[in-house]
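Enquirer: Here it is: the structure, laid out below.
The values are calculated or read from the model by the stated rules, or taken from the named source; none is laboratory data. Just so it is clear, the structure is predicted and the values come from calculations on it, not from any experiment. Please note: Cβ atoms are built from the backbone with ideal geometry, for glycine as well, and neighbour counts cover all protein chains shown.
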Amino acid sequence: MTNDADSAVSLEYLDGRITVHPDICNGLPTMRGSRITVETVLGFLGAGDSQEEILRQYPSLEPADIDACLRFAANLMARRYTLRDVA
């Protein structure tokens, strides 16, 4: 976890490959502080795109970034959740 000069908190996961900062993509998890979200990468994988195709479309990504997205999602899914109705 790091603090910027404006006191916004930035979080890093999986050796800094996944970052969360409130000023980037509304605080969604992104790839190394870019505007490429973990959700975008997972969406492409879920639609059947290969890693090679994703890397072609996003040349700033590395194969380890895609692996980090999958590990990040797996870590989230390993948690217990309670569903509640929202008024």
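Enquirer: Could you please let me know if Thr82 is of a type in the set (Ser, Thr, Tyr), out of contact with any strand residue (DSSP E or B) (no Cβ under 6 Å at 6 or more places or on another chain) and in a helix (DSSP H, G or I)?
Expert: no
Enquirer: A further question follows. Among the residues of the stretch 1-44, how many are in contact with a helix residue (DSSP H, G or I) (Cβ under 7 Å, 6 or more places away or on another chain), modelled with pLDDT of 90 or more and of a type in the set (A, V, I, L, M, F, W, C)?
Expert: 8
Enquirer: Oh, and also: Looking at Asp85, Asp15, Asp65 in this structure, which one is on the phi > 0 side of the Ramachandran plot and either over 17 Å from the mean Cα position of the chain (by Cα) or not hydrophobic (A, V, I, L, M, F, W, C) (or both)?
Expert: Asp15
Enquirer: I need a count of the residues in the stretch 18-58 that are on the phi > 0 side of the Ramachandran plot, touching a strand residue (DSSP E or B) at 6+ places or on another chain (Cβ under 7 Å) and not charged (D, E, K, R).
Expert: 3
Enquirer: Can you name the residue in the stretch 38-87 that is surrounded by 15 or more Cβ atoms within 10 Å (Cβ to Cβ) and of a type in the set (Val, Ile, Thr) and, of all such residues, is farthest from Gly16 (Cα to Cα)?
Expert: Out of the qualifying residues, it is Ile54.
Enquirer: Continuing with the same structure: Just give me the residues in the stretch 18-37 being within 8 Å of the chain's Cα centre (by Cα), surrounded by fewer than 19 Cβ atoms within 10 Å (Cβ to Cβ) and over 15 Å from Ser60 (Cβ atoms), in sequence order.
Expert: Passing the criteria: Val20, Leu28.
Enquirer: Hand me the list of helices (runs of 4 or more DSSP H) wholly inside the stretch 6-79 holding 1 or more residues that are of a type in the set (Phe, Trp, Tyr) and touching a residue at least 12 places away in the same chain (Cβ under 8 Å).
Expert: 38-46, 63-77
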